[in-house]
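Chemist: To start, I am sharing the structure in question, which I have written as structure tokens.
Every read-out reported here was derived from the displayed coordinates using simple, explicitly stated rules and does not represent laboratory data. These figures come from a predicted structure and were not determined experimentally. Note: ideal-geometry Cβ built from the backbone for every residue, glycine included; neighbour counts use all protein chains shown.
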């Protein structure tokens, strides 16, 4: 693990062009069968990203959140969410960007990387709108994941269960 971190840090220093996170959040969206939507937000997004000049496809690094910082409109539901995520044991969810590829749509990119979540590392793809204007990088990415892929059992009350498919939206602003 130490060697992996050292290699990662060397790669970032070779790239140069470190980006400073100005603000960011991640929203999750799922639903409870036959009941309601669940939309927790985490406003404590952290990032360690770098980019060579203005080449968005060179964007590399990692984005992470403390799972205990997600909040919805119901604190009791949040407590159940923390229990299901085992957020005291698995505190962070981290996404490491492996590649960024321009798509045909304007300012739209496919991002591939690895999500380390709940002790499981899996490949994950995301579609992102990324733009660079006056040394300000705007980053809006969306993806969907199934909680069962990360060995998480969604909570149920009576016969109503939280759906295991979760949509994620990352919204961040960086300065170069």
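Chemist: If one computes the Cα centroid of the stretch 124-176 and of the stretch 64-110, what distance in Å separates the two points?
Modeler: The distance from the Cα centre of the stretch 124-176 to that of the stretch 64-110 comes to 6 Å.
Chemist: Connecting C-alpha atoms closer than 10 Å in a GNM of the chain, tell me which of 19, 133, 85 has the biggest fluctuation.
Modeler: So, out of 19, 133, 85, the one fluctuating most is 133.
Chemist: Ranked by Cβ crowding within 10 angstrom, fewest neighbours first, how are 39, 83 ordered?
Modeler: Ranking 39, 83 by Cβ neighbours within 10 Å, fewest first, gives 83, 39.
Chemist: Two decimals is fine: what's Rg over Rh for the stretch 21-176, C-alpha atoms, Kirkwood radius as Rh?
Modeler: On the Cα set of the stretch 21-176, Rg over Rh gives 0.99.
Chemist: I would also like to ask the following. Label 7 Å along Cα→Cβ of residue 112; the stretch 48-88 residues with amide nitrogen under 17 Å?
Modeler: 57-61
Chemist: Using the Kirkwood radius built from alpha carbon pairs, what does the Stokes-Einstein equation give as D for the stretch 38-127 at 4 °C and 1.567 mPa s, in µm² per second?
Modeler: Once the numbers are plugged in, D ends up at 89 µm²/s.
Chemist: Right, next: Bin width 5 Å, origin at 0, all Cα-Cα pairs of the stretch 90-164: what percent of pairs per bin?
Modeler: Reading upward from the zero bin: 3, 14, 19, 19, 15, 12, 9, 6, 3, 1, 0.
Chemist: Contact order normalised by length for the chain, with contacts defined as Cα pairs under 8 Å and 6 or more residues apart; what percent is it?
Modeler: With pairs under 8 Å counted, the relative contact order is 23 percent.
Chemist: Above 13 Å lies some portion of the pair distances; for the stretch 126-176, what is it as a whole percent of all C-alpha pairs? All intermediate terms of the calculation are to be shown ahead of the outcome.
Modeler: Numbers: 852 of 1275 pairs.
Percent of Cα pairs beyond 13 Å in the stretch 126-176: 67.
Chemist: Here's another thing I want to ask about it. Say R0 is 35 Å: what FRET efficiency, to the nearest 0.05, do residue 89 and residue 134 get from their beta-carbon distance?
Modeler: Efficiency computed from Cβ-Cβ geometry: 0.25.
Chemist: Next question. Can you give me the distance in nm between label points at residue 101 and residue 72, each placed 7 Å from the Cα along the Cα-to-Cβ direction?
Modeler: The answer from the label model is 3.5 nm.
Chemist: Quick one: order 156, 161 by neighbouring beta-carbon count within 10 Å, fewest to most.
Modeler: Exposure proxy ranking, most exposed first: 156, 161.
Chemist: With a point put 7 Å past each Cα toward its Cβ, work out how far residue 165 is from residue 57 in nm, to one decimal.
Modeler: Here the answer is 3.2 nm between the modelled labels.
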